[in-house]
1. Could you please let me know if I371 is in contact (Cβ under 8 Å) with a residue 24 or more places away in the chain, of a type in the set (V, I, T) and either under 30 Å from A62 (Cα atoms) or surrounded by 20 or more Cβ atoms within 10 Å (Cβ to Cβ) (or both)?
2. Which ones in segment 229-263 are in contact with a helix residue (DSSP H, G or I) (Cβ under 8 Å, 6 or more places away or on another chain), farther than 30 Å from I371 by Cα and hydrophobic (A, V, I, L, M, F, W, C)?
3. Before we move on, is A94 in contact (Cβ under 8 Å) with a residue 12 or more places away in the chain and either closer than 21 Å to L168 by Cβ or not assigned by TED's automatic domain parsing to the domain that holds A17 (or both)?
4. If you check D293, D252, which single one turns out to be at pLDDT 95 or above, part of a loop (DSSP other than H, G, I, E, B), assigned by TED's automatic domain parsing to the domain that holds G45 and farther than 30 Å from M409 by Cα?
5. Please verify whether V68 is within 22 Å of the chain's Cα centre (by Cα), among the hydrophobic types (A, V, I, L, M, F, W, C) and either modelled with pLDDT of 95 or more or surrounded by 11 or more Cβ atoms within 10 Å (Cβ to Cβ) (or both), treating the condition exactly as stated.
6. Answer yes if at least one residue in segment 250-261 is of a type in the set (G, A, S) and buried (at least 17 other Cβ atoms within 10 Å of the Cβ), and no otherwise.
7. When only residues in segment 21-49 that are in contact (Cβ under 8 Å) with a residue 60 or more places away in the chain and out of contact with any strand residue (DSSP E or B) (no Cβ under 9 Å at 6 or more places or on another chain) count, which is nearest to A146 (Cα to Cα)?
8. Return yes when N313 is of a type outside the set (S, T, Y), modelled with pLDDT of 95 or more and in the same structural domain as M409 (by TED's automatic domain parsing) and no when it is not.
Amino acid sequence: MAQSSQNFDYDLIVIGAGSGGVRAGRIAAGHGAKVAVIEGDRPGGTCVIRGCVPKKLLMYAASFSADVEDARGFGWQIDGLSHDWPGLIAAKDAEIGRLENIYRSLLKNAGATLIEGWGRVTGPNEVSVGADVYRAGKILIAVGGAPQFIDVPGMKDHTISSNEALDLPEMPKDIAIYGSGYIALEFAGIFNGLGARTHLIYRSDLPLRGFDDDVRAHIATALTDRGIILHPETTIDHVTAENGGKQAHLSDGSRLAVDQIMAATGRRPNTANLGLDDLGVKLGKQGEIIVDDMSQTNLPSLYAIGDVTNRINLTPVAIAEGHAFADSEFGNRPRKADHANVASAVFSQPPIASVGLSEADAVNIHGKVTIFESQFRAMKNTISGRAEKTYMKLIVDAANDKVVGVHMMGPDCGEIMQGIAIAVKMGATKADFDATIGIHPTAAEEFVTMRTPRKEG
């Protein structure tokens, strides 16, 4: 459904050719809208170019070292193992290039125009790219986020972010990672798995603030067992560079000398220099664009989706928001993106996955809850000799028996949780889980065989 034109060049201009922006542009074009998508870097956005995809490729590479260790317990004799870091980065870059071309093709095949350059909103219906000005009935901002460096002396000058960590010319022998969110844990697993002496420094007592506390405690043990050196309740006071290396000066008075320091202390919405302040667009404390449940800002012609809105910062959520926007505004099918019970995974080593509420949040929302847990050595670990345990947890609303939270740490948990998420989304009860016969022998069957609630106190 194309907009009626008021000397507009397009019905829709999307700023940002990441996963959410490309989905919105493609769907809107499919509904008959004339669409332009503006991108100042490479089509594909954070996820494809410098986020989920390259990071998981490096995670696969790092995980083989543990697989080799485990293989020895199964009789494999493996000697002379070495790793080619530049070869891995080259292979990763080739795959990212392939995916970027796919994103370009997706836009072209949908009939959308890709405009390369940095877009700036210069009016309610106007976007400038350099000296060129484009007008549209609606503008959608989908520019994502960027790593933020906290204000510590030397931090910005002498550390790398996740962006640079994916493109280092050589593998560090020692690295300190500052932070304990999912990005920090994932890169700690990557560098540790590839042989670097890896330090993880964080302010709280346990990593992964905001996740279920039991999962946080179990991952701290697992990371230590994997050889990552944890520095809880510690901050970096300042950073210096000496003799080609870096020095992290810690709050406990100690000093770490390493090849690289990676700052993983959060991300900020990418709203700087977009021109939003001049137009009076409402922004939050982190610079996020404030939107309603239809992704509309306080400026009626301006919309925003994805990480730039700081709602749920996950690629599939941005895609869902972009699709709902396009259907609502151009497909004559008004609908909201559903942000309830969104499953997610942390590709740490071992990985973590969850859907629904943490125990603390479940108690706050539902009052009385019943907890079911399972902790065990995976069958593979019994022969490999690895002591690491898998942990699983179900949180049940005691009033109606509904499963309101599911958490897992252990191999394949991301794959397992995707199926569990369907059940939780449909409102499954603990009785439904109990009535499901497990697949044996698997770890996943534990989710349908937990019968005894955890004793409180």
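The values are calculated or read from the model by the stated rules, or taken from the named source; none is laboratory data. None of these values were measured; they are calculated from a predicted model. Quick reminder, even Gly has a Cβ in these numbers, built from the backbone with ideal geometry, and neighbours come from all protein chains shown.
1. The answer is no for I371.
2. Hits for segment 229-263 are I236, V239, A241, I261, M262, A263.
3. no
4. Just one listed residue meets the conditions, D293.
5. For V68, the condition - within 22 Å of the chain's Cα centre (by Cα), among the hydrophobic types (A, V, I, L, M, F, W, C) and either modelled with pLDDT of 95 or more or surrounded by 11 or more Cβ atoms within 10 Å (Cβ to Cβ) (or both) - is not met.
6. Checked against the condition, which is being of a type in the set (G, A, S) and buried (at least 17 other Cβ atoms within 10 Å of the Cβ), segment 250-261 yields no hits at all.
7. That would be R23.
8. Criteria not met by N313.
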